[in-house]
1. Out of all the residues in region 161-172, is one or more of a type in the set (Val, Ile, Thr), under 20 Å from the mean Cα position of the chain (by Cα), open to solvent by 10 Å² or more (accessible area, probe 1.4 Å) and more than 11 Å from ligand 1 (Cβ to nearest atom)?
2. If GLN247 satisfies every condition in (1) away from ligand 1 (no atom under 15 Å from the Cβ); (2) at pLDDT 95 or above; (3) open to solvent by 10 Å² or more (accessible area, probe 1.4 Å) but one, which is the exception?
3. Please return the ranges of helices (runs of 4 or more DSSP H) entirely within region 137-235 where 1 or more residues are within 16 Å of ligand 2 (Cβ to nearest atom) and either in contact (Cβ under 8 Å) with a residue 40 or more places away in the chain or touching a Pro at 6+ places or on another chain (Cβ under 6 Å) (or both).
4. So if I check each of VAL28, VAL47, which one is out of contact with any Asp or Glu (no Cβ under 7 Å at 6 or more places or on another chain), open to solvent by less than 60 Å² (accessible area, probe 1.4 Å), away from ligand 1 (no atom under 14 Å from the Cβ) and at pLDDT 95 or above?
5. Taking region 294-311, which residues are open to solvent by 50 Å² or more (accessible area, probe 1.4 Å) and touching a helix residue (DSSP H, G or I) at 6+ places or on another chain (Cβ under 6 Å)?
6. When region 71-99 is examined, which residues are found to be within 24 Å of the chain's Cα centre (by Cα) and either farther than 21 Å from SER13 by Cβ or part of a helix (DSSP H, G or I) (or both)?
7. Suppose we filter region 259-281 for residues that are buried (at least 23 other Cβ atoms within 10 Å of the Cβ), away from ligand 1 (no atom under 16 Å from the Cβ) and in a helix (DSSP H, G or I); how many remain?
Amino acid sequence: MEKDILILGIESSCDETAASVVKNGRSVLSNVISSQIDIHTLYGGVVPEIASRKHVERINQVIGQALADADVTLEEIDAVSVTYGPGLVGALLVGVGEAKAIAYAAGKPLVGVHHIEGHIAANYLEHPDLEPPFLCLVVSGGHTHLVRVLEYGKFEIIGYTHDDAAGEAFDKVARAIGLGYPGGPKIDKLAKEGNPHAIEFPRAKIEGCEYDFSFSGVKSAVLNYLNGCEMKGIEVNRADVAASFQQAVVDVLVGKAVSAAGKLGEKRIAVAGGVASNSALRAAMKQACDEAGIALCYPSPIFCTDNAAMIASQGYYEYMAGTRHDLDLNAIPNLKIGQR
Ligand code: KG4
Ligand code: ZN
C-alpha cells in the first residue's frame, strides 16, 4: 500500500486565519478557522491593516491547533502548502512568511497555492468521485469566474466579471439595506421572508461575451430603487428587495453556468467560493442541472468560505505534480488562475 501523504495547509488571504491537515488531498484531519469578522463588522468591511495584525496574533496558535486536532507532528507532515495570492498583500504575507519559516525549520517542501484554485479544490474534500474535467462556477467575495478544470493543475477561464464579484454585490446591497457585513448570509436569510418577483432588477448581458458577468448594474439598480422610495416617501420592504436582488444574481449565475456546460459538453458543474453556500443559488442550480442532466456538487458551507483544508487539498495535487517553491516565494496580490 502506498504511503499516505499529509499536507499542512495555511490560509490568510483575507479575514480568516486558517490551518488544516488533509490526507491524500481528500480527507480532512483538522480544519481550524479563526474568523476576524467581529472586528471588521465594526467598520462595515475588511480593514487590510487590521487583518494583517490579527493574522500575526493568531497564526501560530491556529497552526498548533490544526496539528493537535489532526494528532500529527510537524515531522509527520509531507509538505507545507500556503495561499500566496490573490488577496490582501499584507494578509497574504503573514501566511507566506509563516509557511516558509515552518518549511525551513522542519525541512519540508513548500508549495504555494492559488486561493481560487483552492476554492475549486474544496469540492474534492466531500466528493470522492469528483475528478477533472468539470466546469466550476467560482463565486466569492472577490471573484466570479466560470472555469473549466481540465486537470488538477490546469484551468481554462471561459468567463469572468467585468466589475463587481457576486459576493461583493451581496455585501454592497446588504450594506445599503442596513444589514451589515458580511452581507451574503444576511441577504440569504432575509430573502426567505421576501418575494423574489416583487421588484424586477436587471440581469446583465454583455455583448459578445456570452459567459462574462457584470453585477454593478444590478447593485446600482437596487441603490436607485432605495433612493426612489426615499424620495417618494414609500416604505421599503427590505425582504422583497433582498429576495428580488438575490433572484436577479442567481438567475444570471445559473443561466450562464448551465448554458456553458451544455455547449461545452461538460457533464458536471461544481460551485465554489463563499456565495456557493447561498441557499437560493443551490436550489436553482439543482433544478437547472436536474433538467439538463448535469451532475452538480458544491462544498458544505464551512468549506465554501475561506478555509485551509481547500488549500491543503489543492496543495496535495500540486505536490504530487512536483510543484516546489523556494524560500523566496512572495505574496502576489493579483495572482492569475493557472499562473505558475
Ligand atoms: O470565498 P470567500 O470566503 O472569500 C473570498 O475569497 O472572497 O467569500 C466571501 C463572500 C462574501 O462576499 C460573503 O458575503 C459571501 O461570500 N457569502 C454569501 C453567503 N455566504 C457567504 N453570499 C450569499 N449567500 C450566502 N449564504
Ligand atoms: Zn476566498
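1. So the first thing to find is which residues in region 161-172 are of a type in the set (Val, Ile, Thr), and the list is 161.
Checking which are under 20 Å from the mean Cα position of the chain (by Cα) leaves us with 161.
Pick out the ones that are also open to solvent by 10 Å² or more (accessible area, probe 1.4 Å) and you get 161.
Filter once more, so that each one left must be more than 11 Å from ligand 1 (Cβ to nearest atom): 161.
Looking through region 161-172, at least one residue is of a type in the set (Val, Ile, Thr), under 20 Å from the mean Cα position of the chain (by Cα), open to solvent by 10 Å² or more (accessible area, probe 1.4 Å) and more than 11 Å from ligand 1 (Cβ to nearest atom).
2. Only one criterion in (1) away from ligand 1 (no atom under 15 Å from the Cβ); (2) at pLDDT 95 or above; (3) open to solvent by 10 Å² or more (accessible area, probe 1.4 Å) is unmet by GLN247, namely (1).
3. Numbers: elements: 166-176, 183-191, 216-232.
Those helices (runs of 4 or more DSSP H) span 166-176, 183-191.
4. On the way: VAL47 fails: at pLDDT 95 or above.
Going through VAL28, VAL47 in turn, just one is out of contact with any Asp or Glu (no Cβ under 7 Å at 6 or more places or on another chain), open to solvent by less than 60 Å² (accessible area, probe 1.4 Å), away from ligand 1 (no atom under 14 Å from the Cβ) and at pLDDT 95 or above: VAL28.
5. The initial filter retains those residues of region 294-311 that are open to solvent by 50 Å² or more (accessible area, probe 1.4 Å), namely 298, 301-302, 305.
Correct list: TYR298, PRO301, THR305.
6. So the first thing to find is which residues in region 71-99 are within 24 Å of the chain's Cα centre (by Cα), and the list is 79-99.
Listed by number, the residues that qualify are VAL89, GLY90, ALA91, LEU92, LEU93, VAL94, GLY95, VAL96, GLY97, GLU98, ALA99.
7. Matching residues across region 259-281 total 1.
Condition check ((1) within 16 Å of ligand 2 (Cβ to nearest atom); (2) free of Cβ contacts under 8 Å to residues at least 12 places away in the same chain; (3) under 25 Å from GLY107 (Cβ atoms)) across all residues:
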position: THR41; (1), (2), (3): no, no, no
position: ASN60; (1), (2), (3): no, no, yes
position: ALA70; (1), (2), (3): no, no, yes
position: THR73; (1), (2), (3): no, yes, yes
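The values are calculated or read from the model by the stated rules, or taken from the named source; none is laboratory data. Predicted model only: the values in this text are computed from it and were never measured. Please note: Cβ atoms are built from the backbone with ideal geometry, for glycine as well, and neighbour counts cover all protein chains shown. For accessibility, only protein heavy atoms count, side chains too; no ligands or nucleic acids. Shrake-Rupley method; radii C 1.70, N 1.55, O 1.52, S 1.80 Å.
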